[in-house]
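So the structure is just underneath, and the comments pick up after that.
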Number of protein chains: 2
Amino acid sequence: MKKISSRFSMAVHILSLLATGDGATLTSERMAGSINTNPVVVRKIMGMLKKAGFLNVRAGTGGAYLLKNIEDISLLDVYRAVEVVEEHDLFNFHDNPNPDCPVGANIESVFRSTLLQAQNAMEQVLADVPLKQLVHDLNEKISSSES
Amino acid sequence: MKKISSRFSMAVHILSLLATGDGATLTSERMAGSINTNPVVVRKIMGMLKKAGFLNVRAGTGGAYLLKNIEDISLLDVYRAVEVVEEHDLFNFHDNPNPDCPVGANIESVFRSTLLQAQNAMEQVLADVPLKQLVHDLNEKISSSES
DNA sequence: ATTGTTGTAACCATATTGGGTACAACAGAC
DNA sequence: GTCTGTTGTACCCAATATGGTTACAACAAT
């Protein structure tokens, strides 16, 4: 099946770069180098993150910087900013089951509540992890792998 | 983004039909009528459910019947039978982040564990709902809407 | 033998994805 | 004011997955 777009992981990657970066200007070019993709892809994703109010991009001169504290951004926030998942639409439900069949007429409402629970459980895990924690773990890993 | 295939909801629909059906033979044609899709789509999905050991289909003569008790089939079982989701691959991770960049080199291992938790939380909800419960709710809804 | 059904293969239109080119708008350096 | 490097978009692309559809051989029961 199709998976959840890697835009999400790329967005987290971008934000992590900004959070761990020294002052050096991080252009879309440089970020693309770390992510291993095209600069335009980075710019597109940054556009979404900008719209969400997480960062700002210096037009013309280049470079991006965070607007919010990384403890105030959860992974769910990033997920939401970057995915075009309508609030309760992780699962596709088949269209127009036959209303003249008892099962067809009622299965959707019965099944949907379970699907919602499943989706919510997933999102709750993301909501519980602030970017700060991920960056912390990342830094730990980085220093341990440097030594 | 892409959603989880409606094959899943169709599969649940099929199994619900078998569970609630009177003895009448349920051909792919009839099921397709309830689901509102093409008989071939139903047959394809039934093929997967058959492979998973949930049901059997009478070749030639037609019709399908359950092989397992509906309390022994969880929604996760159905999900697994019908989706081609590799065990821990709900989320796509961008390929080959740059190993020469500290962030690029380490973000995957750090981020993946969270993604796994999120996916597991979702699947756990599905695992906790046996088909029997869904069919029970369905029957309740049906009789209440009949009155 | 006839009939109705299943299991597959083949094909299609559609949508989404990540990637890529091109270029105008822009801001700073000089 | 000009030059330079960057961003923001608008397009376009190939690859992939989806659900649907046609077609037909295999099959089981009458």
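The values are calculated or read from the model by the stated rules, or taken from the named source; none is laboratory data. Note that the structure is predicted; figures quoted are calculated from it, not measured. Note: ideal-geometry Cβ built from the backbone for every residue, glycine included; neighbour counts use all protein chains shown. Keep in mind that these areas ignore ligands, DNA and RNA; they rest on the heavy atoms of the full protein, side chains included. Shrake-Rupley method; radii C 1.70, N 1.55, O 1.52, S 1.80 Å.
Here is how far apart the residue B:96 label points are across copies: 4.6 nm, shortest first, using a point 7 Å from Cα toward Cβ. Annotation for residue A:50, label-to-label distances across the other copies: 5.5 nm (shortest first, one decimal, point 7 Å from Cα along Cα→Cβ). For the listed peptides B:131-138, B:108-115, a ranking on the average number of other beta carbons within 10 Å per residue, highest first, reads B:131-138, B:108-115. For a straight C-alpha distance cut-off of 19 angstrom, the lysines reachable from residue A:68 (same-chain residues fewer than eight places away being disregarded) are A:50, A:51, A:132. Under 5 Å between amide hydrogens, built in the peptide plane, is the criterion, and for residue A:4 it picks out B:91, B:92 among residues at least 5 positions away or on other chains.
If R0 is taken as 41 Å, the Cβ-Cβ distance between residue A:25 and residue B:124 corresponds to a FRET efficiency of 0.40.
For residue B:44, the aspartates and glutamates whose Cα comes closer than 19 Å to its Cα, not counting residues fewer than 8 places off in the same chain, are A:95, B:29, B:77, B:83. If you take the Cα centroid of region A:39-92 and the Cα centroid of region B:66-144, the two points sit 25 Å apart. Starting from the Kirkwood Rh over alpha-carbon pairs, what translational D in µm² s⁻¹ does the protein assembly as shown have by Stokes-Einstein at 37 °C and 0.692 mPa s? The estimated diffusion coefficient comes to 155 µm²/s.
Only helical runs count toward this figure. For the protein assembly as shown, summing -39,500 (n - 2.57) over DSSP H runs of n ≥ 4 and dividing by all residues gives -18500 deg cm²/dmol at 222 nm.
Close amide H contacts of residue A:74 (hydrogens built in the peptide plane, cut-off under 5 Å, sequence separation of 5 or more or a different chain): A:131.
The calculated pair-distance distribution of region A:7-146 uses every alpha carbon pair, bins of 5 angstrom beginning at 0, and gives 2, 9, 16, 17, 16, 11, 8, 6, 5, 4, 3, 1, 0, 0 percent. Among the GluC sites (Glu not before Pro) in region B:17-107, those located in a DSSP loop and surrounded by at most 14 other Cβ atoms within 10 Å of their own Cβ are B:86, B:87. For region A:7-146, carbon and sulfur atoms together expose 46% of the accessible surface, with a 1.4 angstrom probe and every protein chain in place. Per residue, chain A exposes 47 Å² of solvent-accessible protein surface, assessed with a 1.4 angstrom probe and all protein chains in place. Total buried accessible area between B and A, probe 1.4 Å, nearest 100: 5000 Å².
Here residue A:146 yields copy-to-copy label distances, from shortest upward, of 7.1 nm, the label point defined as 7 Å from Cα along Cα to C-beta.
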